[in-house]
Amino acid sequence: MPQKNLRHRYDVVWNRRLEGKLRQQISASDELLHQSAKREHDLEEQIARAGQSPEAKQLQSELDKLRGQITQIQAQRNGAEASLSTESKNRTKVNPVDGLTYVFIPPGNFIMGCSPDDTECYDDEKPPHAEQIANGFWLGQTEVTQAAWAKVNGSNPSYFKSDQLPVENVDWSQAGDYCKATGGRLPSEKEWEYAARARTTGPRYGPLNDVAWYSGNSGETTHPVGLKQADAFGLYDMLGNVWEWTADDYDAESKVVRGGSWIGSIGGVRASVRARFEPSRRNDNVGFRCVGEFR
């Protein structure tokens with residue numbers, strides 16, 4: 001393997017481990033701060049009850065020591081958060097052509113298809129099978145917005161209109177042409193599911209209402225991108241809001257779309273859900289995001 005590729009693999013693995021350690025440090029600090037806040041409150045109440053007794057002085061000393069520890073823990077947490085922010089910035093790029101942010105998706109292995117214990121899977125999600133993403137890639141952090149589409153194409157075909165809403169009413173060829181114009185391509189179906197799962201194994205990468213706009217919370221409309229919880233790779237709206245075109249064929253007449261939409265049922269908003277649309281189809285619940293082929 002060329003030295004450059006070895007170095008790239010080493011950097012990706014090292015950065016991933018560092019990010020994991022920073023997240024663990026932040027989580028541990030949060031737990032310590034929560035416990036310390038409860039202890040601080042208890043000590044304050046005990047001091048109030050002790051009045052001017054000798055015990056009050058001892059309790060005050062303990063409280064002062066605890067507050068010093070809290071300050072140290074908070075400082076350590078802030079440092080870890082700042083380092084994590086720096087690491088996150090190292091994993092994002094802004095595409096100057098359309099102004100959208102792209103996130104680096106590291107290589108890895110995953111099980112594609114029906115999630116363990118998922119009773120809502122359709123036949124075309126089975127059987128689950130092992131897949132590998134051999135090379136990392138850059139993927140749009142959000143679905144392509146109407147503002148980005150207009151910047152590139154000078155128009156807006158969407159039914160629901162607002163700059164930060166996902167662009168919709170675009171067919172497969174139009175989506176692919178946009179990605180090509182911005183220096184990229186549509187993601188493969190395998191790339192899409194790997195990115196959506198972000199190393200999780202369940203039907204969704206978080207609680208449904210936290211991560212997705214669907215029929216139960218959308219109010220029958222699309223919503224501005226990036227309002228819901230991101231997955232562990234930092235991608236927004238991989239589930240819900242609008243279906244997303246992929247590069248792959250479903251069959252001889254159809255292309256694969258993934259992710260579900262604002263009008264979808266609970267069962268239709270899962271990481272393994274697949275749907276087939278004719279490539280000429282345009283609908284107010286179908287959009288896309290691009291893979292950025294940055295050099």
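The values are calculated or read from the model by the stated rules, or taken from the named source; none is laboratory data. Because the structure is a prediction, the values reported are computed rather than measured. Note: ideal-geometry Cβ built from the backbone for every residue, glycine included; neighbour counts use all protein chains shown.
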Unique match (being among the hydroxyl-bearing types (S, T, Y), in contact (Cβ under 8 Å) with a residue 60 or more places away in the chain and assigned to a loop (DSSP other than H, G, I, E, B)) among Y194, Y159: Y159
Any hit, the stretch 224-236, residues being in a loop (DSSP other than H, G, I, E, B), more than 14 Å from L139 (Cα to Cα), free of Cβ contacts under 8 Å to residues at least 12 places away in the same chain and of a type outside the set (A, V, I, L, M): no
Top-ranked residue of the stretch 237-257 - restricted to ones that are aromatic (F, W, Y) and either farther than 18 Å from G184 by Cβ or not assigned by TED's automatic domain parsing to the domain that holds S272 (or both), ranked as surrounded by the most Cβ atoms within 10 Å (Cβ to Cβ): W243
Filter pass, S280 being under 24 Å from W149 (Cα atoms) and in contact (Cβ under 8 Å) with a residue 12 or more places away in the chain: yes
Evaluation of S29 against (1) more than 30 Å from W149 (Cβ to Cβ); (2) assigned to a loop (DSSP other than H, G, I, E, B); (3) touching a Lys or Arg at 6+ places or on another chain (Cβ under 6 Å) (one fails), failing number: (2)
Leading residue by the ranking (nearest to I263 (Cα to Cα)) among those in the stretch 237-248 that are assigned to a loop (DSSP other than H, G, I, E, B) and touching a Lys or Arg at 6+ places or on another chain (Cβ under 7 Å): L239
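Considering only residues that are in a loop (DSSP other than H, G, I, E, B) and at pLDDT 95 or above, look in the stretch 135-153 and name the one that is nearest to D98 (Cα to Cα).
Looking at residues that are in a loop (DSSP other than H, G, I, E, B) and at pLDDT 95 or above, I get V144.
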Where T119 falls short, out of the listed (1) touching a residue at least 12 places away in the same chain (Cβ under 8 Å); (2) assigned to a loop (DSSP other than H, G, I, E, B): (1)
Residue count, the stretch 274-291 (criterion: under 15 Å from A195 (Cα atoms) and crowded, with 24+ Cβ neighbours inside 10 Å): 3
Hey, D163 of a type outside the set (S, T, Y), modelled with pLDDT under 95 and over 23 Å from S188 (Cα atoms) or not: no
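Condition test on A50, is it outside the structural domain of A271 (by TED's automatic domain parsing) and crowded, with 17+ Cβ neighbours inside 10 Å?
Taking the combined requirement at face value, the residue does not satisfy it.
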Checking P96 against (1) surrounded by fewer than 16 Cβ atoms within 10 Å (Cβ to Cβ); (2) out of contact with any Leu (no Cβ under 7 Å at 6 or more places or on another chain); (3) over 30 Å from K151 (Cβ atoms), the condition it does not meet: (3)
Residue in the stretch 174-183 that is crowded, with 20+ Cβ neighbours inside 10 Å, hydroxyl-bearing (S, T, Y), in the same structural domain as I133 (by TED's automatic domain parsing) and more than 13 Å from F137 (Cα to Cα) present: yes
Residue in the stretch 191-199 that is buried (at least 23 other Cβ atoms within 10 Å of the Cβ), closer than 18 Å to G292 by Cβ and of a type in the set (S, T, Y) present: yes
Criterion violated by D117 - all others in (1) in contact with a helix residue (DSSP H, G or I) (Cβ under 7 Å, 6 or more places away or on another chain); (2) acidic (D, E); (3) modelled with pLDDT under 95 satisfied: (1)
Filter result (assigned to a strand (DSSP E or B) and not hydrophobic (A, V, I, L, M, F, W, C)) within the stretch 102-116: Y102, G108, N109
